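The values are calculated or read from the model by the stated rules, or taken from the named source; none is laboratory data. What you are looking at is a predicted structure, and each value in this text was computed from that prediction instead of being measured. Every residue, glycine among them, receives a Cβ derived from its backbone with ideal geometry; neighbour counts consider all protein chains shown. For the accessible areas, the whole protein counts, side chains as well, though only heavy atoms, and no ligand, DNA or RNA atoms are used. Shrake-Rupley method; radii C 1.70, N 1.55, O 1.52, S 1.80 Å.
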Amino acid sequence: LPRLVREFVAQNNTSQIKHVIQILSQEFALSQHPHSRKGGLIGLAACSIALGKDSGLYLKELIEPVLTCFNDADSRLRYYACEALYNIVKVARGSVLPHFNVLFDGLSKLAADPDPNVKSGSELLDRLLKDIVTESNQFDLVGFIPLLRERIYSNNQYARQFIISWILVLESVPDINLLDYLPEILDGLFQILGDNSKEIRKMCEVALGEFLKEIKKNPSSVKFAEMANILVIHCQASDDLIQLTAMCWMREFIQLAGRVMLPYSSGILTAVLPCLSYDDRKKNIKEVANVCNQSLMKLVIPEDDDMDEAKQSMTLPAEPASEESLSKSEAVSGEVQPSFEQFVSLVPLSFLCSSERIPVTLNLDGIVQVLDCHLHDTSIGMMTRIAVLKWLYHLYIKTPRKMFRHTDSLFPILLRTLSDESDEVILKDLEVLAEIASSPAGQTEGHGPSDGPDARSSQVELHVPVKASQLSSSGTKGMECSPSTPTMNSYFYKFMINLLKRFSSERKLLETRGAFIIRQLCLLLNAENIFHSMADILLREEDLKFASTMVHTLNTILLTSSELFQLRNQLKDLKTPESRNLFCCLYRSWCHNPVTTVSLCFLTQNYKHAYDLIQKFGDLEVTVDFLTEVDKLVQLIECPIFTYLRLQLLDVKNNPYLIKALYGLLMLLPQSSAFQLLSHRLQCVPNPELMQTADGTKSSAGFKRSAASNIDYTELLQHFEKVQNKHLEARHQRAGRGEQLERRVVL
């Protein structure tokens, strides 16, 4: 047969050569008889060897019958087919490349063959084919990718191994740029990474590692946007290796592609946020997820809050000047955009608005929706909740105008989060709420945030309170008599009302965290505004028992917290109209609790009024709770905060009402430890005769101050009586209801 074929080649008799191949194919290789099939396969191989270089002209006719035999039921026949194809390919070398897809298809089936001989034969053929592809520069990658994309989803281990080995070979060839087609096969690669075989997982890791190296080398040619969603899916995988690898890719993508990844932020956050609460068993994933989260957060910039046109037209030409930024913008849409010159000619610069700009825009609605869902999910871990709140705070700082469109929907869940078990979560939550309450962007006229030029002008008039780090004596100035607290925005008062509602409906929160929350707010916002507004709201509170408890809590904070040192100093002297106005506002609400009212008078050095109030205590219903509060006040007088008050006891002549008020408290107390304490203190008051000095005639600074303070104390006293009468009625009603219930139980 070889001699016959060589003669035909020498005579250039192609028709006879074709005739010989056809007989070998039809009558032998495709025969019903197995021995004939074996003979036909050997004959086709011999024919190919005889043809030599000319075999390339007859490859289709030579290969097809051999590939058909790959499906033969007889394993020996499959082995012969493998051997025959090896000889055909060895002779033809690069000429077989146009037929690569059918060869690859046949080989991928043999790779999973149950017979070890067939498998080893197919491996030899596979190696030969890889050598040919590696040394050739005519490989048709575009034609091969659809087949690779289809086969990569095979679940057979050997087929997967075969696919990965080919990907590794194609990656190593300098002339073949597989990176361009990575979006087509990336999902399949991650699927293979979850294989049960350690060896296959390792091979897949190597392949993905090579791709990532390539991406880092040539980020400008990478289609980041097309692969973003694939990574988002695999970042949520249950398999640790897949999740860690996808997360590492995500980290590199965010750092390399930058703002190109912004449109996928909501998906990325969905994948990344839950990982932040992983325990030490998944420490690696948690650490990488944390870097992804931080890097993504840095991509949000103030310009995302709608740049004004002038700024836009100035920055636009500069932005797409670099090739890199242009390729990035192309990657976003997944299709080639017009060049910048064409773009500018299409749209006059003056009409360019944010939606038409080449740089990526931020999908804030999607991000907020994801953050909102995570806050509502009670099963998520503490670190995730903190990260969500950090995101919200960051967005309110960078994009306040856009964020205020979501405030009404976010507000309820932010208030609910104050009941969280973790102090860290509450602190972050308070930071977000404080930013909402103080941001100029939150100033509204009527309902909903204001947009347009009016919003800009109103920002100038607003005095945003200084943060705790910058707190100075001027921080509380500008407080007007109106309780609408002008140094805050429209949400501030709403926040205070809702916070008090929350304390009212959830008394445990008030008991365990109330003081902590209010103290932190005093650091984050303006303490004077907080006390002013809360006092104003409590004045209208219908639940008198809650009002009394809340006033007691606020009073304790006012008298004992280091954060309120400045406010105490302001109230101590009542030198300014603002401080006197604040005293009157607090006083009216403090009337819900008689003992706190007296302590406020002690703090503000209104000793005569304190004495007048104590005189009224005789008309009140003296309960155990009432005596306990007097007891606490006596303990408080011994604290450092009231040092000035104790020193004023030396000046008996100028402070008669202070001594009278303290004796009044003493007479209210039963003979308890507090009684002994106050009694010992009053025994230390010196004899006024001994304390007289040459300038004893000098009028008291205290009287002078009280005279100049322009406060209507008579009206305040009447208000106190009125409020206490309401409390008395409410107590009797509660007692009456209690008795009725008892009677029903007895009946």
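What is the calculated FRET efficiency for SER36 to LYS216, with r their C-beta to C-beta distance and R₀ = 56 Å, to the nearest 0.05? Computed FRET efficiency for SER36 and LYS216 comes out at 0.45. A Stokes-Einstein calculation at 20 °C with viscosity 1.002 mPa s, built on the Kirkwood radius of region 517-634 over Cα pairs, returns a diffusion coefficient of 147 µm²/s.
With a Cα-only, solvent-free Debye model of region 71-134, what are the log10 I(q)/I(0) values at q = 0.28 Å⁻¹? Each listed q corresponds, in turn, to -1.29. On the basis of the beta-carbon distance and an R0 of 51 Å, ILE413 and LYS726 show a calculated FRET efficiency of 0.90.
Nearest 0.05, what FRET efficiency do LYS572 and ASP239 give at R0 = 56 Å with Cβ-Cβ as r?
Numbers: r = 65 Å, r/R0 = 1.17.
According to the calculation, E is roughly 0.30.
A crude spin-label estimate for the pair ASP280 and ASN229, with each label 7 Å from Cα along the Cβ direction, gives 4.0 nm. Electrostatic bookkeeping for LEU677 treats Lys and Arg as +1 and Asp and Glu as -1; over the other residues with beta carbon under 14 Å from its beta carbon, the sum is +1.
Full extension of the chain between LEU168 and HIS376 yields a length gain of 70.4 nm, computed as 0.36 nm times the residue separation minus the alpha carbon distance.
Among the listed pairs LYS60/LYS109; LYS501/LYS572; LYS119/LYS202, those with a Cα-Cα distance over 26 Å are LYS501/LYS572. Mind grabbing the base-10 log of I(q)/I(0) for region 71-218 at q = 0.12, 0.13, 0.16, 0.18 Å⁻¹? Debye formula, identical points on the C-alpha positions, no solvent, two decimal places. Those come out to -0.50, -0.59, -0.89, -1.11, one per q. Each residue of region 1-138 gets 91 Å³ once the volume of the Cα convex hull is shared out per residue. When Rg and the Kirkwood radius Rh are both evaluated on Cα atoms of region 203-246, their ratio Rg/Rh stands at 1.00.
Under a point-charge model restricted to the Cβ atoms of Lys and Arg (+1) and Asp and Glu (-1), what is the dipole moment magnitude of region 364-442 relative to its Cα centre, in debye to the nearest 20?
The calculated dipole for region 364-442 is roughly 380 debye.
I want to check the label-to-label distance for ALA10 and GLU506. Put each point 7 Å from Cα in the C-beta direction and report it in nm to one decimal. If labels sit at ALA10 and GLU506, their model points lie 10.0 nm apart. Of all aspartates and glutamates in the structure, the ones whose alpha carbon falls short of 17 Å from that of LYS283, not counting any fewer than 8 places away in one chain, are ASP239, ASP240. Taking the Cα centre of region 562-632 as origin and assigning +1 to Lys and Arg Cβ atoms and -1 to Asp and Glu Cβ atoms, the resulting dipole is close to 360 debye. A crude spin-label estimate for the pair LYS18 and LEU647, with each label 7 Å from Cα along the Cβ direction, gives 11.8 nm.
Starting from 0.36 nm per residue, how many nanometres of slack lie between GLU205 and LYS616 once their C-alpha separation is accounted for? List each step's numbers first, then the result.
Details: separation 411, 0.36 × 411 = 147.96 nm, distance 8.29 nm.
Once the chain is fully extended between GLU205 and LYS616, it gains 139.7 nm.
Mind checking the log10 I(q)/I(0) for region 364-442 at q = 0.17 Å⁻¹? Debye, one equal scatterer per Cα, no solvent, two decimals. Here the Debye-derived log intensity ratios amount to -0.57. A quarter of the convex hull surface defined by the alpha-carbon atoms of region 21-94 gives 4.1 nm² as the mean projection. Sparse packing (at most 15 other Cβ atoms within 10 Å of the Cβ) combined with a DSSP loop state is found for the following trypsin sites (Lys or Arg not before Pro) in region 540-603: ARG540, LYS575. On a 25 Å Cα-Cα criterion, which of the cross-link pairs LYS298/LYS402; LYS632/LYS660; LYS282/LYS402; LYS608/LYS653 come out too long? Those over the limit are LYS282/LYS402.
If you roll a 1.4 Å probe over the heavy atoms of the protein chains, what accessible area per residue do you get for region 364-442, in Å²? Provide the component values of the computation, followed by the final result.
On the way: 2690 Å² over 79 residues.
Heavy-atom accessible area per residue stands at 34 Å².
With all protein chains present, how much of the accessible area of region 66-183 (probe radius 1.4 Å) comes from carbon and sulfur, to the nearest whole percent? So the carbon and sulfur contribution to the accessible surface is 47 percent.
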